[in-house]
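Computed from the coordinates by the stated procedures, all read-outs in this text should not be read as laboratory data. Predicted, not measured: the structure shown is a model, and the values here were computed from it. Methodologically, a virtual Cβ is constructed for each residue, glycine included, from the backbone with ideal geometry; neighbour enumeration extends over all protein chains shown.
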Amino acid sequence: MNSLALKQNRVCIVAIGLLLGVLQGCASGPNANPADPLEPLNRTVFQFNDGLDRAIFKPVATAYKNVTPAPVRTGVGNFFENLLDVRTLINNVLQAKPQDAVETFLRLGVNTVFGLGGLLDVGSEMDLERHPQDFGQTLGVWGIGSGPYIVLPVLGSSSVRDAVGTVIEGSTDVVTNLSDVPTRNSLTVLRVVDLRAGFLQASELLDLASLDKYAFARDAYLQRKRAGIAGRGAPSALEERFDLPEGSQKTPAGSPPRTNRANPRAVPK
C-alpha cells in the first residue's frame, strides 16, 4: 500500500474517533442502553439505510436473483468468498490461530487453482473449513473493547472498533485495490448486489417477525461479533458489557462446544 493510502487510512481513523466522541457526548444519557449510547442517531441512520435499501438495493438484488441462474449466482458468491479468504488468512495469523490459518491457506490455494479462481468451492468438498475473521475481531482478540454500537451510512451495523477495522482492511481488499477502474467498479457493484441477494429471504422474514427491526439488527450484530471473537456459540445476554474486551470473556458452564464446519454457499432456485 502506498504512502498516500496510509495517510488516508490514518485520517479516516482519527476522524471516526473524533466524530464518535463528540456524538457520544451529545446523544448519551442516563437512560441510554449501555451498548448503544448513540441510539437516537443510530436509529436515524438506520431509517436512512432502510429507505435506501428498499428504493435501490433490494429491487436490484431481487432482479438479479430472478434473471440469473442459480449455478451462476453460486459461482459468483464462491468467487467473492474466496477473495475474502485473503483477509481471513491475515487475521487468523494475527490472532495466532495456526490451524485455522493453515486450513484457510489451503482453501485459498485449492479454490484458486482447482476451483477456477474461486468459482468452485473445492475446499469445502475436501473438508477444509472456512474460518471467517475480520480486523475488528482481531482487535477484540487483542483485548481492545468494541466501544459503542454505531450504524454507518450504507454500511450498516458496526462499532467504533469495527469501523476502525473496516478502514484498515481497505488495504487488504483485492477488489478495491485493483488499478483498473472499470473492472474495480464493476466487481464492487456485483459484490454488493450478490451479497444483498443472499439476504433477501432473511430480510423478508425480519420484516414479518420483528416489531423493532432496529433493535433486532443491533442485538443480532453484537451477539454475532461476541461469538466470533470468543470462537464458540452465541453467548448469553449478560456475558459481556460493550466496554470490556471480548477476548477476556470466559465460556460459562454448560455452553455448547465450538462448531465451525464449512458451510458451502447454496443459492435457492
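Could you tell me which of rounded, prolate or oblate describes the range 100-209, using a ≥ b ≥ c as the square roots of the eigenvalues of the alpha-carbon gyration tensor, with rounded for a/c under 1.5 and, failing that, prolate when a/b is larger than b/c and oblate otherwise? Present the calculation step by step, with values, prior to reporting the outcome.
Details: a/c = 1.39, a/b = 1.24, b/c = 1.12.
Rounded.
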Cα centroid of the range 60-122 to Cα centroid of the range 35-50, whole Å: 32 Å
Three-way shape call for the range 35-190 based on the alpha-carbon gyration tensor, with the a/c threshold at 1.5: oblate
Size of electric dipole in the range 176-231: Cβ of Lys, Arg +1 and of Asp, Glu -1, about Cα centre, debye, nearest 20: 240 debye
Loop-located chymotrypsin sites (Phe, Trp or Tyr not before Pro) in the range 132-161, at most 15 other Cβ atoms within 10 Å (DSSP): TRP142
